[in-house]
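I have placed the structure first, in the form of structure tokens, so that the comments after it can refer back to it.
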Amino acid sequence: MHMRTERDRKRNNISDPGQLYLAHVVESEYRPSTTRGARLRRGPRSDTDLQRRAQSPFYDSIIRETLCVRPINKFRNNHHSIEDDWLLSSNRPLHPVYYYASTAPRMSSTQSVIVVGAGPVGLLVGLRLAKANIRTIILEALPVVENSPRAAVYHPVAVQELDRAGILQDCRKIGMASGQLTWRHISGEPIFEMGREVSTDELYENLILGQHELAGVILDHFKRCEAGEVLFQHRVVGIEQEEDGDVVTATVETPEGVKKFTASYLIGADGGRSAVRQFCNVTFDGFTWPQQIVATNVVYPFDKYGYSTGNNICHKDHYAVIAKISKSGLWRVSYGEVGGLSTEELRERLPMKYDALMPGPRPLEYDLKMFSPYKIHQRCANTFRIGRVLLAGDAAHLCNPFGGLGLTGGLLDAGALGDTLIARINNNYPDSILDKYSQVRRDIFLKLVDPTSQANLRRLFDSDPDTLRETDPFFKSLLDADGKQKEKSRGLGMLRVEIV
Ligand SMILES: Cc1cc2nc3c(=O)[nH]c(=O)nc-3n(C[C@H](O)[C@H](O)[C@H](O)COP(=O)(O)OP(=O)(O)OC[C@H]3O[C@@H](n4cnc5c(N)ncnc54)[C@H](O)[C@@H]3O)c2cc1C
């Protein structure tokens with residue numbers, strides 16, 4: 001492609017070189033091959049003209065065809081780069097891209113990022129990057145955002161990350177603030193109560209919102225970003241990077257066959273079984289608990305029997321969390337189970353477990369909406385950075401779900417990694433900032449999240465409920481010397497450390 005002259009630029013009243021670039025593609029790249037192209041010879045004359053033409057079906061088809069014949073690809077290679085896919089994707093509406101190239105701020109750099117996994121962590125870091133005008137493509141193996149019953153509560157420190165990404169208002173529209181958290185005997189009698197209502201000097205609440213709903217909100221915002229694209233049914237099956245190279249390449253299984261995607265950085269946000277982590281030969285050190293848990297969503301009037309929004313049941317066999325997860329009366333009941341049982345065996349035992357856990361008259365009447373068993377782990381990757389590959393969320397660390405620290409930690413990774421890559425790509429921070437991300441987030445998991453989360457689970461099944469209030473170090477830390485509960489007991493602000 002030859003460069004246009006200053007005269008051409010002035011003649012076409014084009015102020016941004018990005019305009020020139022696409023005007024050039026439309027005018028001269030396509031022109032030789034068809035008569036329709038000849039009609040484009042005069043070329044767009046102004047921004048308004050560009051936009052008007054881009055929105056007409058005729059021009060849309062011309063542009064699509066043009067780009068497919070000759071993709072704009074600064075990193076032309078024998079395989080796809082993000083730029084190819086961006087422009088060639090068949091379901092991409094073309095005129096917004098045309099509009100982008102003509103009038104929107106140009107992408108801040110030629111560097112791009114692949115995010116593997118459209119879970120809440122991958123989506124959130126993708127959103128932060130795309131909003132900073134960094135080309136970001138999210139590759140997700142499933143056809144849709146996953147909808148299994150998992151996270152539902154996020155601590156204020158993680159809610160702050162949702163605010164920083166500009167999505168908190170939308171999250172609050174469908175979620176709700178958590179009220180009191182109560183530890184109880186299996187009979188329902190309270191052991192310890194912790195207020196979680198937001199006081200006037202606090203900005204963020206404990207937010208209750210289904211994980212898939214959170215992911216849905218982030219996805220909506222991500223899709224609105226010019227620099228972002230998400231591709232479902234794209235499973236990453238391999239990763240290559242050269243030492244001291246300036247790109248990383250992912251091999252991806254797609255409905256159209258195997259493709260290669262190249263970018264400057266790749267984020268593994270592909271969950272606990274992370275393929276990215278395994279391709280990079282990173283160890284996942286820690287242990288798996290011998291017991292397992294079952295997460296259920298059920299409609300049952302716990303509030304009628306005096307249950308708080310959050311309830312931790314302390315019992316050696318029937319330990320559980322019972323939490324209200326929607327305004328419409330849906331509750332999450334997650335309970336401990338013995339290890340080694342099959343899904344069918346666990347399902348058969350559900351009425352017995354509910355009978356032990358639920359207050360109210362018998363026979364119990366409830367409406368079971370979801371049932372899902374999980375193994376539980378405490379594990380951490382031996383590094384969160386491998387060259388141009390970075391790990392975040394469950395791909396980097398796993399903890400049991402009691403106390404809601406898993407995704408809370410993942411959202412904090414997403415915020416920190418967003419800051420880190422924006423600083424590196426847009427503001428030219430040194431490469432060592434990527435090591436800092438790895439070291440800071442890994443330390444926080446190992447020193448704070450992991451021990452707290454282990455204590456949260458042990459408090460439920462491995463303590464004497466009759467003496468817990470007086471003996472448990474966490475409860476003691478929440479009480480003043482005279483035994484009264486301290487005013488401030490929330491936040492977990494120490495889980496967030498500025499990287500940049
Ligand atoms: C029962 C339960 C309750 C929980 N409750 C809470 C809670 O209240 N609060 C809290 O903070 N945390 C909670 N957690 C933890 C929370 O669910 C996880 O921390 C969270 O799912 C991590 O999000 P993620 O985006 O890192 O990974 P995931 O949500 O697992 O997303 C990973 C994505 O990557 C995709 N993927 C995988 N492999 C590939 C591949 N090769 N190519 C492309 N895509 C791929 C997957 O399909 C998936 O969509 C709970 C967990 C459980 C099990």
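What the table shows:
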{"item": "Nearest-10 value in Å² for the accessible area of Tyr265, using the 1.4 Å probe", "result": "0 Å²"}
{"item": "Kirkwood hydrodynamic radius over Cα pairs of region 353-399, then Stokes diffusion coefficient at 20 °C and 1.002 mPa s, in µm²/s", "result": "145 µm²/s"}
{"item": "Whole-Hz ³J(HN,Hα) from phi, Karplus 6.51 cos²θ - 1.76 cosθ + 1.60, for region 164-170, glycine and proline x", "result": "4, 8, x, 10, 5, 4, 5"}
{"item": "Amide H within-cut-off set for Val115, under 5 Å, with H built and near neighbours excluded", "result": "Ile137, Ile138, Leu139, Ile267"}
{"item": "Largest-first ordering by accessible area, 1.4 Å probe, given options Val145, Val116, Val497", "result": "Val497, Val145, Val116"}
{"item": "Distant-in-sequence amide H partners of Phe192 (H built 1.01 Å from N, under 5 Å)", "result": "Trp183"}
{"item": "Among His397, Thr296, Met358 the positive-end extreme of the charge dipole of region 292-412 (Cβ point charges)", "result": "His397"}
{"item": "Part-to-part distance (alpha-carbon centres) for region 169-221 and region 311-388, which is given in Å", "result": "18 Å"}
{"item": "Å³ per residue enclosed by the Cα convex hull of region 365-500", "result": "180 Å³"}
{"item": "Share of Cα-Cα pairs in region 102-185 lying beyond 20 Å, as whole percent", "result": "51 percent"}
{"item": "Thr471 accessible area, assembled protein chains, probe 1.4 Å, Å²", "result": "80 Å²"}
{"item": "Nearest-10 value in Å² for the accessible area of Ser342, using the 1.4 Å probe", "result": "40 Å²"}
{"item": "Unsatisfied cross-links (Cα-Cα over 23 Å) in the set Lys173/Lys223; Lys173/Lys304; Lys316/Lys476", "result": "Lys173/Lys304"}
{"item": "Sequence-separation-based contact order of region 233-295, relative, with Cα cut under 8 Å and 6+ spacing, percent", "result": "25 percent"}
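The values are calculated or read from the model by the stated rules, or taken from the named source; none is laboratory data. Since the structure is predicted, the reported quantities are computational estimates derived from the model, not experimental observations. A quick note on method: Cβ atoms are made from the backbone with ideal geometry, for glycine too, and the neighbour counts reach across all protein chains shown. Calculation scope for accessible area: heavy atoms of the full protein, side chains included, ligands and nucleic acids excluded. Shrake-Rupley method; radii C 1.70, N 1.55, O 1.52, S 1.80 Å.
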